[in-house]
There are 2 protein chains.
Amino acid sequence: MDASKQTIYTIADLAAEFGITPRAIRYYEEMGLLTPQRSQETQQRLYDRSDRARLKLILRGRRFGFGLKEIKELLNLYRVDTGEKEQMRRAIEYGDKHIAEVDEMIRELQETKEEMLEFRRRFERILAGEEDGAK
Amino acid sequence: MDASKQTIYTIADLAAEFGITPRAIRYYEEMGLLTPQRSQETQQRLYDRSDRARLKLILRGRRFGFGLKEIKELLNLYRVDTGEKEQMRRAIEYGDKHIAEVDEMIRELQETKEEMLEFRRRFERILAGEEDGAK
DNA sequence: CAGTATCTTGACGTGTACGTCACCTAATGG
DNA sequence: CCATTAGGTGACGTACACGTCAAGATACTG
């Protein structure tokens with residue numbers, strides 16, 4: 001087991017890859033969601049694969065309307081000490097709640113999709129000459 | 001066909017029902033997402049079933065991280081003149097794009113859920129005594 | 001008929017998530 | 001050697017989505 005694989009990204013690398021600005025990435029760090037290594041002399045931020053994965057999760061959370069505080073909690077959830085059994089049990093418990101929330105979001109989106117399809121069918125019927133698809 | 005069913009809500013009614021403030025509802029109106037009737041004398045806002053439905057959609061959009069401008073466009077999409085065939089064809093076209101977006105969101109959420117379940121299984125294995133679930 | 005409740009329209013304040021400078025410090029290339 | 005490029009730290013600005021008064025009109029209630 002080697003200590004750390006050396007896939008290193010600069011802040012510009014990640015910014016380009018995910019279509020965001022370096023400023024945003026620094027802001028996530030400022031809010032405590034990222035803590036990249038620093039080059040000893042330059043103080044330059046050096047991101048590894050795990051930082052990149054965290055960033056990816058942050059952006060996914062943002063796309064779904066979560067605030068950075070919520071995302072931070074979620075990230076910390078999967079960062080527990082695998083030695084502390086009690087901590088892990090609580091992580092599983094909280095995780096289950098979040099899984100249930102994701103399920104609910106999926107359900108709501110499927111409902112939304114169905115409603116959009118219903119509208120679509122209505123429009124199609126009207127276009128086909130049925131005058132009005134209203135109830 | 002009667003002109004309008006008289007299920008009337010005050011701003012406080014809707015605010016209470018959806019757990020938001022009257023201010024938020026007025027803001028949505030200010031941004032052009034709602035246009036309730038007004039009582040002739042008092043200028044009081046009177047919401048009907050369709051206003052309520054729009055508000056529901058607004059809040060759903062907000063929960064999924066959409067901005068009010070995007071939501072407004074989406075709402076207008078399903079408000080086209082059912083006489084203008086060309087307009088309807090374009091509505092269906094845009095609607096299909098949005099349906100595809102919703103599909104993508106569902107896919108991403110399912111992926112997220114799977115990842116969370118994977119973590120859960122890993123934790124469970126560790127708790128069961130397999131020392132470490134890491135790769 | 002005074003008091004309370006509910007609505008109205010401003011208008012200014014606030015938290016979040018960055019954008020946008022300015023200014024400084026290395027590393028690199030002709 | 002000097003200019004360009006990439007990154008660093010403040011610090012102030014900004015868009016969005018409201019929150020939070022203030023001040024006034026109207027309506028019901030004991």
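The values are calculated or read from the model by the stated rules, or taken from the named source; none is laboratory data. All values derive from a computational prediction rather than experimental measurement. Don't worry about glycine lacking a Cβ; one is built from the backbone with ideal geometry, like all the others, and counts go over all protein chains shown. Surface areas here come from the heavy atoms of the whole protein model, side chains and all, with no ligands, DNA or RNA. Shrake-Rupley method; radii C 1.70, N 1.55, O 1.52, S 1.80 Å.
In nm, what is the difference between 0.36 nm times the number of residues separating A:PHE64 and A:ASP103 and their Cα-Cα distance? If you can, show how the numbers build up before the last one.
On the way: separation 39, 0.36 × 39 = 14.04 nm, distance 1.35 nm.
Stretched fully, the A:PHE64-A:ASP103 segment lengthens by 12.7 nm.
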Listed residues B:THR82, B:THR21, B:THR42, most fluctuating in chain B (Gaussian network, C-alpha, under 10 Å): B:THR42
Complex-versus-alone comparison for the range B:112-126, residues with a loss of 30 Å² or more in accessible area, probe 1.4 Å: B:THR112, B:LYS113, B:MET116, B:PHE119, B:ARG120, B:PHE123, B:ILE126
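Treat every Asp and Glu Cβ in the protein assembly as shown as -1 and every Lys and Arg Cβ as +1, leave all other atoms uncharged, and give the resulting dipole magnitude about the Cα centre to the nearest 20 debye.
Numbers: 52 positive and 54 negative charges, 109 e Å.
That gives a dipole near 520 debye.
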Within 10 Å of each Cβ in peptide A:40-51, how many partner chain Cβ atoms are there on average? Round it to a whole number, please. 0
Most fluctuating residue of A:ARG120, A:ARG54, A:ARG63 in a GNM of chain A with Cα springs under 10 Å: which is it? A:ARG120
Once you put a point 7 Å from the Cα of A:ARG49 and another 7 Å from the Cα of B:TYR94, both along the Cβ direction, what distance in nm separates them? 4.4
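Helix-only estimate, please: 222 nm mean residue ellipticity of chain B, summing -39500 (n - 2.57) across DSSP H runs of length 4 or more and dividing by its residues, to the nearest 500.
Details: 5 runs with 83 residues, N = 135.
Counting only the DSSP helices, I get -20500 deg cm²/dmol.
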Distances in nm, one decimal, shortest first, from A:ARG38 to the same residue in every other copy, taking the label point 7 angstrom along Cα→Cβ. 5.8
The answer for GluC sites (Glu not before Pro) in the range B:56-119 that fall in a DSSP coil and have at most 16 neighbouring Cβ atoms within 10 Å is B:GLU84
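With r defined as the distance between the Cβ atoms of B:GLU118 and B:GLU29 and R0 fixed at 35 Å, what FRET efficiency is calculated, to the nearest 0.05?
On the way: r = 45 Å, r/R0 = 1.28.
It comes out at approximately 0.20.
Taking a probe of 1.4 Å and counting only protein heavy atoms, give the total accessible area buried between chains B and A in Å², rounded to the nearest 100.
3800
Taking 0.36 nm per residue of sequence separation and subtracting the Cα-Cα distance, how much length would be gained by fully extending the chain between B:GLU17 and B:THR42, in nm to one decimal?
Details: separation 25, 0.36 × 25 = 9.00 nm, distance 2.33 nm.
That pair, B:GLU17 and B:THR42, stretches by 6.7 nm at full extension.
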Give the nm distances, rounded to one decimal, from B:ALA100 to the matching residue in every other copy, measuring between label points 7 Å along Cα toward the beta carbon; shortest first. 3.7
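For peptide A:75-83, how many partner chain Cβ atoms fall within 10 Å of a residue's Cβ, on average?
On the way: counts 0, 0, 2, 6, 0, 1, 0, 8, 1.
What the average comes to for A:75-83 is 2.
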Specify whether the C-alpha gyration tensor of the range A:1-79 places it in the rounded, prolate or oblate class, a ≥ b ≥ c being the square roots of the eigenvalues: rounded for a/c under 1.5, otherwise prolate if a/b is larger than b/c and oblate if not. prolate
Would you please give the residues with an amide H less than 5 Å from that of A:LEU46, counting only those at least 5 places away or on a separate chain, with H modeled from the backbone geometry? A:GLN37, A:ARG38, A:SER39
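Taking the range B:71-107, which trypsin sites (Lys or Arg not before Pro) meet the DSSP loop condition and have no more than 13 other C-beta atoms within 10 Å? Walk me through the numbers before you get to the answer.
On the way: sites: B:LYS72, B:ARG79, B:LYS85, B:ARG89, B:ARG90, B:LYS97, B:ARG107; in loops: B:ARG79.
Passing sites in the range B:71-107 are B:ARG79.
Given a 1.4 Å probe, how much area per residue of chain B is accessible, in Å²? Before the final figure, lay out the partial values.
Details: 8870 Å² over 135 residues.
Computed with neighbouring chains in place, this is 66 Å² per residue.
Count the net charge of all other residues whose Cβ sits under 13 Å from the Cβ of A:ASP103, scoring Lys and Arg as +1 and Asp and Glu as -1.
-3
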Dipole in debye (nearest 20) - chain B, about Cα centre, beta carbon charges: Lys, Arg +1; Asp, Glu -1: 460
What distance in nm separates the two pseudo spin-label positions at A:ILE8 and B:ALA128, each 7 Å out from Cα along the beta-carbon direction? 4.0
Looking along the axis that carries chain B onto chain A, the residue of B whose Cβ comes nearest, with distance in whole Å, is B:GLY65, 1
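When the accessible area of the protein assembly as shown is computed with all protein chains present and a 1.4 Å probe, what percentage of it is carbon and sulfur?
Details: 8700 of 17730 Å².
Here carbon and sulfur together make up 49 percent of the probe-accessible area.
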Put the label 7 Å from Cα along Cα→Cβ for B:ARG120; what are its distances to the other copies, in nanometres, shortest first? 3.1
